[in-house]
Every structure is written in structure tokens, then in C-alpha cells.
Amino acid sequence: DELRERKAAAGRAEAGQSFREVARELDELYRGLAGRRRDRAVRRATDPLADRPWIVADLHMHTSWSHDCSIGVEELLDHAEAEGLGAIAITDHNTFGGALEAVEAARGRELIVIPGEEVKSDVQGEVIGLFLREEIPRGLSFGETIAAIREQGGLVYLPHPFDRMHAIADPTTLHRHLGEIDVFEVYNARLLFETYNDEAVRFARKYNLIAGAGSDAHVLQGVGTGALRMRAFEGPEEFLLSLRGAEVLRRPKSLAYLQSLKWAAQVKEKVR
């Protein structure tokens, strides 16, 4: 565009246009270019990740380290990349081994792997820790589980907060610890009733919470059915920053279909 304008200005000068008029047009051109550069600088200042590529991230999934899943770690990583995911969080039930194995197996891949764990509290449901360094024991209180996550520099991710088909934090407990929750899951692709996800969306908007989403996959076919479009990131701080501008992606598949695959895989494991 700049080159074309220069040539056009030169052509007009050759055609008899005054140098003063040509200079004025060039000055306007350069002012416009400078303005665009300033706009880009402002965008970078307000959004430090503006120059990062967009990726799709699934923040809740399981491997064979979970008691109710039979997906091997390498198999999961291969499938996630084949599905076009740029980041995944490994969140096995009450164990950290799958996350550690996945982080190691992902070396040399472009896929970002966030080490996590889905921890069962005493009576107040589950809490996911992201960017963990070591395993957190099950059976702690809701508050103690959160404290254990934060003590090792992890992020607190609350999964399926209104799924009344399972144990969840009661309203008093949830509100008491709301300020300690870093990411609030507003879409879980495995919930039986979509109204539970809708309730999470309304709650997150009301309290200005950072929204998360995940497939909660226990079979390969479920991977990526719940995800976010977000900027590529490095570490927990950039992760949270990227989530503030993320878009939730709902890609549901039949829950009955996914559940039947899960049961079939579990039966196959028992037969072995």
C-alpha cells in the first residue's frame, strides 16, 4: 500500500501536480502509517499476548492413570495433536503420575501440556490444581485442597461447579473461597444436563470470574469436545492473561455414545 501511494504521488507530480500538494499527500500517508504503528503498540500494551498465535486448549481430561480411564499417555498426546489442540491439561483423579508422564512425553512436541490433578475433597466435591509440581492427597477439606494447590504455586480450577449429579461445593463453601478460585469451569462437555453449564456461565459473569472449559474426556473420542480458543502462553501468569480474552468452544458429542465407549473400555481392561 505504501509503495503504491508513493508511485501514485510521483505520477501526479510528473503530471503537473505541485510539489506542495505531493508533499501534503505524502505527509498524510506517513501520518496514517505512524498511527497504525501506534495502534499496534497500544494493543501490545493492553494485551501483551496480542502477537501470539491462537491455539485451542482443552483444560480437563484423563489418562489411564485415572481409575476410570484407559487412554495411554502417548496415545492421548498423539490424538490431541491430530485434533488440532495446542494445549491440554492432564487432570487425573487423585494422582499426579499421568501429568508427569505427559509433560515428559511432550518434550519436542509443539503441544503445551499443563500438569494437573483432579482432587477429591472430603465432602465438597472436586478441585483441580493446574501447573502443579507434586501430588495432592485426596480427602482434605475444600479449603485445605485449595491451600495445598496454592502452596506449590499452582492455579485453582473449579470443575463442573453446579453438576448436581455428583458431589459439589455447597453455596456457603463456594462463596467463602470464591476469591481463591483462579479459573471457573463454565463448560464441561460430559455433563448430563446443559443447564448446569449455563448456570456456571451466569455465575462466572456475575462475579467476573475467569472462565475455563474442558472435555473431561475419559475416551479418545471425547478429547476436544470442550475447549477454548486462546492465545499461546508460557507459564501460569500468561495462561491466566490469555484466558481473559479466550472464547469457549462447545463441540458436544452424544454423552450416551461417549459413556458407552468408556464402559466398553473398562470391561475390556477387566477381562485382560
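Treat the count of other C-beta atoms within 10 Å as a stand-in for reagent exposure and order Trp65, Trp54 from fewest to most. Before the final figure, lay out each step's value.
Numbers: Trp65 22, Trp54 12.
Lowest count first: Trp54, Trp65.
If amide H atoms are built 1.01 Å from N in the plane of the peptide, which residues on other chains or at least 5 residues away come under 5 Å of the amide H of His60?
Ala89, Ser215, Asp216
Jot down the per residue volume, in cubic angstrom and as a whole number, of the convex hull over the alpha-carbon atoms of the range 54-265.
106
Trypsin sites (Lys or Arg not before Pro) within the range 118-180: which are DSSP loop residues with at most 13 other Cβ atoms inside 10 Å?
Arg133, Arg164
If I model a spin label as a point 7 Å beyond the Cα along the Cα-Cβ vector, how far apart are those points for Arg138 and Leu178 in nm?
That separation, rounded to one decimal, is 3.0 nm.
Give me the one-decimal nm value for the distance between modelled label points at Leu240 and Glu194, 7 Å along each residue's Cα-to-Cβ direction.
Between Leu240 and Glu194, the label points sit 3.3 nm apart.
Under 5 Å between amide hydrogens, which residues at least 5 positions from Ile112 or on another chain qualify, with H placed 1.01 Å from N in the peptide plane?
Amide H to amide H, under 5 Å and 5 or more residues apart or across chains, Ile112 pairs with Ala87, Ile88.
Each value in this text was obtained by applying a stated rule to the coordinates, not by laboratory testing. The structure displayed is predicted, hence computed values, not measured ones. Reconstructed Cβ throughout: ideal geometry from the backbone, glycine too, with neighbour counts over all protein chains shown.
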